[in-house]
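Bear in mind these aren't lab numbers, they're just calculated from the coordinates by the rules spelled out. Keep in mind it's a predicted model, so treat the numbers as computed, not measured. All Cβ positions, even for glycine, are placed from backbone atoms using ideal geometry, and neighbour counts span all protein chains on display.
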Amino acid sequence: MLLKSLLTAFGAALLFASQAWAQAPIVIKFSHVVAPDTPKGQAAERFKLLAEKATSGRVKVQIYPNSQLYKDKEELEALQLGAVQMLAPSLAKFGPLGVKEFEVFDLPYIFPNKTALYNVTEGPIGKGLLRKLESKGITGLAYWDNGFKVMSANRQLRLPSDFKGLKMRIQASKVLDAQMRALGAIPQSLAFSEASMALQTGVVDGTENPPSNMYTQKMHEVQKHMTVSNHGYLGYAVIVNKKFWDGLPDDIRSKLEAAMKEATTYEKAIAQRDNDMALEAIRKSGKTQIYNLSAQEQAMWRNVLLPVQKQMEDRIGKDLIQAINRETAK
Ligand code: LMR
């Protein structure tokens, strides 16, 4: 009698536990380092909305913006350990993972315009680069965009010689290190979360980023000059922990893939608009003098910076650089 009642109680507990497990939401912690009102920040929120709706709440996306959970260097390790499930790091930040090829996106003037860029990221070259992440326990889902970068400092940056001796904050990318050295500047790799304070305290003299990052981090308030150089590109790879992603129920994973596809379309639609609005807001603030290079000055910047492509062939791969140059010349 006792055994029967024990088995009944155990069976009931097991049933309850399995039902409870069946109801427990699948949590995706999505950590990133920028402000919510940036293209990446808004796209993360859009993915959350779409993913939770598509899975009828079986998936819960928790977004941690502004380096709240992890800073630059920590976030990739946290993803590999499974402490977070999703990130969207800048393509400049995959070198420390051992996937140096991603730094091809940092090469000065490698993309003449967004169309050429999308032909690369949405074509076989982009897909091939994402596949390189698999051996690191990471699955690449999409590329998000943040556009071309401007340069800033407390002196006017009109000619390459204006950079001489300036300490310039960069992302942790050997290509960006070479870029700044080609200009005669002194590159200082700092986490994005430390960039504004470093500019404010004079730890560094200047930096580069798309206007949306400059504006949302208030960098324009501590930089007297900004040059709309568009000398380089800044984009993202949306990535997940591979074990987590492969372990999802098939129906959930396909719903999340569809949500990511829609969020990516949204992100690309707002990226240019947001950066144009940020640049206009910086201009209106009156805190920074914005300078547009003349054609002659642009040619001088290209003369100094284009050789970085050849200089970086050994690190990135000559074939990859040539493949992108062929693709973008079409
Ligand atoms: C930076 O570190 O400057 C950027 O990668 C920040 C970002 O993620 O846009």
| Among LYS149, LYS224, LYS40, whose mean-square fluctuation peaks in a Gaussian network model of the chain (Cα, cutoff 10 Å)? | LYS224
| What residue among PHE105, PHE244, PHE47 has the largest mean-square fluctuation in a Gaussian network model of the chain, using Cα springs under 10 Å? | PHE244
| query | GLN23 versus GLN322, label points 7 Å from Cα toward the beta carbon: distance in nm? | reply | 6.2
| query | If the cut-off is 12 Å between C-alpha atoms, which aspartates and glutamates fall inside it for LYS100, apart from same-chain ones fewer than 8 positions away? | reply | GLU313, ASP314
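When LEU141, LEU248, LEU176 are ordered from fewest to most other Cβ atoms inside 10 Å of their Cβ, what list results?
LEU248, LEU141, LEU176
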| query | Taking the simple approach of a point 7 Å from Cα along Cα-to-Cβ for both SER161 and GLN200, what is their distance in nm? | reply | 3.6
| remark: What one gets for segment 179-330 as the Kirkwood radius, inverse of mean 1/r over different Cα pairs in Å, is 18.8
| said: Which residue fluctuates most in the GNM of the chain (Cα springs below 10 Å): ASP106, ASP72, ASP162? | reply: ASP162
| In the structure shown, do any of LYS48/LYS71; LYS261/LYS318; LYS29/LYS136; LYS71/LYS243; LYS174/LYS284 have a Cα-Cα gap over 28 Å, and if so which? | LYS261/LYS318; LYS174/LYS284
| remark: Residues whose built amide H sits under 5 Å from the amide H of TYR143, excluding neighbours closer than 5 in sequence, are VAL238
| request: Check the straight Cα-Cα distances from LYS287 and name the lysines below 26 Å, setting aside those fewer than 8 residues away within the same chain. | output: LYS40, LYS149, LYS164, LYS167, LYS218, LYS224
| said: At 222 nm, what value in deg cm²/dmol follows for the chain if DSSP H runs of at least 4 each add -39500 (n - 2.57) and the sum is divided by all its residues, to the nearest 500? | reply: -15000 deg cm²/dmol
| task | Rounding to the nearest 20 debye, state how big the charge dipole of the chain is about its Cα centre with +1 on each Lys and Arg Cβ and -1 on each Asp and Glu Cβ. | result | 60
